[in-house]
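Engineer: Please read through the structure below; I'll follow up with questions.
The values are calculated or read from the model by the stated rules, or taken from the named source; none is laboratory data. It should be emphasised that the depicted structure is a prediction, and the values quoted were computed from it without experimental measurement. Positions of Cβ are backbone-derived with ideal geometry, glycine not excepted, and every protein chain shown enters the neighbour counts.
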Amino acid sequence: MKITLLLDLDDTLLDTNIQEFAPAYFSSLSSALAEFVSPDVMLPALMGGTKAMMLNTDPALTLRQVFDDYFFPRLGIEREALQPAIERYYDEVFPSIQRVTRQRPGAIAFVEWAFERGHRVAVATNPYFPLKAVHHRLRWAGLPPERYPFALISSYETFHFTKEAGAYFYEFLGQLGWPDDPLVMVGNDLDMDLLPALKVGLPVFWVRDGKEEAHPEIPQGGFDDLRAWLEAADPQTLCPSFETPPACLAALRAAPAAIASLTADLPPERWQCQPAPGEWCLTEILCHLRDVDRDVHLARLRRVLTEDNPFLPAEMTDRWVEERGYARQQGRDALEGFIAVRKELLTLLDALEPDAWARPARHAIFGPASLLELVRFIAEHDRAHIQQVFKTR
């Protein structure tokens, strides 16, 4: 049984010692940038930028964009002017902070066992840092990315949400191509890693040393316990679930963000390439997602919220590919359009009172359905097309 393992980094794979790490990081970064900006200005801007990332819910903005929009205006310096010094800091100074960290007993052996068993292993660290800083911390953990082929490592350049927003976990799955394998989020922090993942329907395991109070609903223990638990687990219990409004909203928010990251570096001509005759290119997929959200999903949800048990006819949307000339459109424009209409749909759903999720409708194909079930259908539709984007890419 192949399992997708989302492994937290700080105090899970690496003993970070945050009480020493944070002051060492702030002090060294302040010193490295002192010739450009006073620490009295830089540190509040750094903390404010970090909080802005934590609060972001906009799938159109990467965390780097969110941070930059807060940080650099408060310094009064353009990123381009400061970027060389920032790069030197992460290349030359940041590695010295290793002295306050330690390798985590059992972490290396567990990761090597996971790779040997053929599991998909990814580093699901809270993406507050640039990728090169995460790479340094993995080296400190004895898990250098040059040696270990992690399927994905989250960082602020390519992620749109932090773990505080449940959409982070579905964005992570989306950037992996949303595999059908069983999966589990493994972390040490109950409030940062585990409860947010549980809230949006992901299975979890708590790596703990026994000092914290146990949680009755969460499997827990050391890395040996985790290994034994995985070997004995029923695959059916290790699947994400869209059974609640928070899970559905997280999945819907994450879908356009994940696709934006998957396609960020593609040249224009790649958007038009068909993987095989008769299969959709990326532009056609994005046009489909945009138009179905706008002309089907959004319209249906508004009817359910304003009408009494409305009948929702089936829509034959696949024929729009030819009728609307999707292949002649621009892929990035279609992506921007999808993000815009998805944000409109999320604004509608975010404002709902709890009882609104039970409002009924009659679907031409699925029969009687609640609003929550209709939103789950959208999430499943997203999942299918994220898989298609990943394979096409």
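Engineer: Is it the case, given these coordinates, that I3 is modelled with pLDDT under 90 and either touching a strand residue (DSSP E or B) at 6+ places or on another chain (Cβ under 8 Å) or not assigned by TED's automatic domain parsing to the domain that holds R139 (or both)?
Structural biologist: no
Engineer: Can you confirm whether A251 is modelled with pLDDT of 95 or more, touching a Gly at 6+ places or on another chain (Cβ under 7 Å) and either part of a helix (DSSP H, G or I) or hydrophobic (A, V, I, L, M, F, W, C) (or both)?
Structural biologist: no
Engineer: Still on this model: Anything in segment 383-393 that is modelled with pLDDT under 95 and crowded, with 18+ Cβ neighbours inside 10 Å? List them, or say none.
Structural biologist: If the condition is that a residue be modelled with pLDDT under 95 and crowded, with 18+ Cβ neighbours inside 10 Å, then T392 is the only one that fits.
Engineer: I'd like to know if segment 170-177 contains one or more residues that are among the hydroxyl-bearing types (S, T, Y) and either in the same structural domain as L63 (by TED's automatic domain parsing) or out of contact with any Ser or Thr (no Cβ under 9 Å at 6 or more places or on another chain) (or both).
Structural biologist: Looking for residues that are among the hydroxyl-bearing types (S, T, Y) and either in the same structural domain as L63 (by TED's automatic domain parsing) or out of contact with any Ser or Thr (no Cβ under 9 Å at 6 or more places or on another chain) (or both), one finds at least one in segment 170-177, hence yes.
Engineer: Determine, yes or no, whether P268 is assigned by TED's automatic domain parsing to the domain that holds H381, in contact with a Gly (Cβ under 8 Å, 6 or more places away or on another chain) and surrounded by fewer than 17 Cβ atoms within 10 Å (Cβ to Cβ).
Structural biologist: yes
Engineer: Here's another thing I want to ask about it. Which helices (runs of 4 or more DSSP H) sit wholly inside segment 79-190 and have at least 3 residues that are over 30 Å from P246 (Cβ atoms), under 14 Å from the mean Cα position of the chain (by Cα) and without any contact (Cβ under 8 Å) to a residue 40 or more places away in the chain? Steps first, please.
Structural biologist: Working: elements: 79-88, 107-116, 131-140, 167-175.
By residue number, no helices (runs of 4 or more DSSP H) qualify.
Engineer: In contact with a helix residue (DSSP H, G or I) (Cβ under 7 Å, 6 or more places away or on another chain), modelled with pLDDT of 95 or more and under 29 Å from A34 (Cβ atoms): which single residue out of F110, F94 fits that description?
Structural biologist: Sole residue among the options that is in contact with a helix residue (DSSP H, G or I) (Cβ under 7 Å, 6 or more places away or on another chain), modelled with pLDDT of 95 or more and under 29 Å from A34 (Cβ atoms): F94.
Engineer: Scan (1) loosely packed, with under 15 Cβ neighbours inside 10 Å; (2) at pLDDT 95 or above; (3) of a type outside the set (K, R) for the single condition P23 breaks and write down its number.
Structural biologist: Single failed check for P23: (2).
Conditions tested, residue by residue: (1) surrounded by fewer than 22 Cβ atoms within 10 Å (Cβ to Cβ); (2) at pLDDT below 90; (3) in contact with a strand residue (DSSP E or B) (Cβ under 8 Å, 6 or more places away or on another chain).
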{"site": "F172", "(1), (2), (3)": "no, no, yes"}
{"site": "P203", "(1), (2), (3)": "yes, no, yes"}
{"site": "W229", "(1), (2), (3)": "yes, no, yes"}
{"site": "A232", "(1), (2), (3)": "yes, no, no"}
{"site": "Q236", "(1), (2), (3)": "yes, yes, no"}
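Engineer: Is segment 312-331 home to any residue that is in contact with a Pro (Cβ under 7 Å, 6 or more places away or on another chain) and either touching a residue at least 40 places away in the same chain (Cβ under 8 Å) or of a type in the set (F, W, Y) (or both)?
Structural biologist: No: segment 312-331 contains no residue that is in contact with a Pro (Cβ under 7 Å, 6 or more places away or on another chain) and either touching a residue at least 40 places away in the same chain (Cβ under 8 Å) or of a type in the set (F, W, Y) (or both).
Engineer: In the set A369, A384, which member is free of Cβ contacts under 8 Å to residues at least 60 places away in the same chain, out of contact with any Phe, Trp or Tyr (no Cβ under 7 Å at 6 or more places or on another chain), assigned by TED's automatic domain parsing to the domain that holds I259 and more than 18 Å from P245 (Cβ to Cβ)? Explain how you work it out, then say what you get.
Structural biologist: Details: A369 fails: more than 18 Å from P245 (Cβ to Cβ).
Going through A369, A384 in turn, just one is free of Cβ contacts under 8 Å to residues at least 60 places away in the same chain, out of contact with any Phe, Trp or Tyr (no Cβ under 7 Å at 6 or more places or on another chain), assigned by TED's automatic domain parsing to the domain that holds I259 and more than 18 Å from P245 (Cβ to Cβ): A384.
Engineer: Quick one: in segment 309-338, of everything that is assigned to a loop (DSSP other than H, G, I, E, B) and among the aliphatic types (A, V, I, L, M), which residue is farthest from G278 (Cα to Cα)?
Structural biologist: A314
Engineer: Take L198 and decide whether it is under 22 Å from Q175 (Cβ atoms) and assigned by TED's automatic domain parsing to the domain that holds Q388.
Structural biologist: Against the criterion (under 22 Å from Q175 (Cβ atoms) and assigned by TED's automatic domain parsing to the domain that holds Q388), L198 does not qualify.
Engineer: So, one more: Can you say whether D68 is surrounded by 15 or more Cβ atoms within 10 Å (Cβ to Cβ), at pLDDT 95 or above and not in a helix (DSSP H, G or I), as far as the supplied structure shows? Can you show your working first?
Structural biologist: Working: surrounded by 15 or more Cβ atoms within 10 Å (Cβ to Cβ): yes; at pLDDT 95 or above: yes; not in a helix (DSSP H, G or I): no.
Judged against the criteria, D68 is not a match.
Engineer: Within segment 71-84, can you find the residues that are at pLDDT 95 or above and among the hydrophobic types (A, V, I, L, M, F, W, C)?
Structural biologist: Correct list: F71, F72.
Engineer: What are the residues in segment 258-283 that are part of a helix (DSSP H, G or I) and within 16 Å of E336 (Cβ to Cβ), if any? Talk me through it step by step, then tell me what you get.
Structural biologist: Within segment 258-283, the first condition is being part of a helix (DSSP H, G or I), and the residues that meet it are 258-262, 268-272, 282-283.
The answer is A258, I259, A260, S261, L262, P268, W271, L282, T283.
Engineer: Using the structure shown, decide if A257 is surrounded by 14 or more Cβ atoms within 10 Å (Cβ to Cβ) and within 19 Å of the chain's Cα centre (by Cα).
Structural biologist: Yes: the conditions hold for A257.
Engineer: Shifting gears a bit: For the subset of segment 362-382 comprising residues that are within 18 Å of A255 (Cα to Cα) and of a type in the set (V, I, T), which member is surrounded by the fewest Cβ atoms within 10 Å (Cβ to Cβ)?
Structural biologist: I378
Engineer: To continue, here is another question. Could you check L29 against (1) surrounded by 13 or more Cβ atoms within 10 Å (Cβ to Cβ); (2) part of a helix (DSSP H, G or I); (3) at pLDDT 95 or above and say which number it fails?
Structural biologist: Only one criterion is unmet by L29, namely (3).
Engineer: Report yes if some residue within segment 110-127 is out of contact with any strand residue (DSSP E or B) (no Cβ under 7 Å at 6 or more places or on another chain), outside the structural domain of L46 (by TED's automatic domain parsing), closer than 19 Å to D11 by Cβ and surrounded by fewer than 20 Cβ atoms within 10 Å (Cβ to Cβ); otherwise report no. Give the derivation first.
Structural biologist: Let us first name the residues in segment 110-127 that are out of contact with any strand residue (DSSP E or B) (no Cβ under 7 Å at 6 or more places or on another chain), namely 110, 112-113, 116-118, 126-127.
Next, from what is left, pick out any that are outside the structural domain of L46 (by TED's automatic domain parsing): 110, 112-113, 116-118, 126-127.
Still in the list and also closer than 19 Å to D11 by Cβ: 110, 126-127.
If we keep only those that are surrounded by fewer than 20 Cβ atoms within 10 Å (Cβ to Cβ) too, we end up with none.
No, segment 110-127 contains no residue that is out of contact with any strand residue (DSSP E or B) (no Cβ under 7 Å at 6 or more places or on another chain), outside the structural domain of L46 (by TED's automatic domain parsing), closer than 19 Å to D11 by Cβ and surrounded by fewer than 20 Cβ atoms within 10 Å (Cβ to Cβ).
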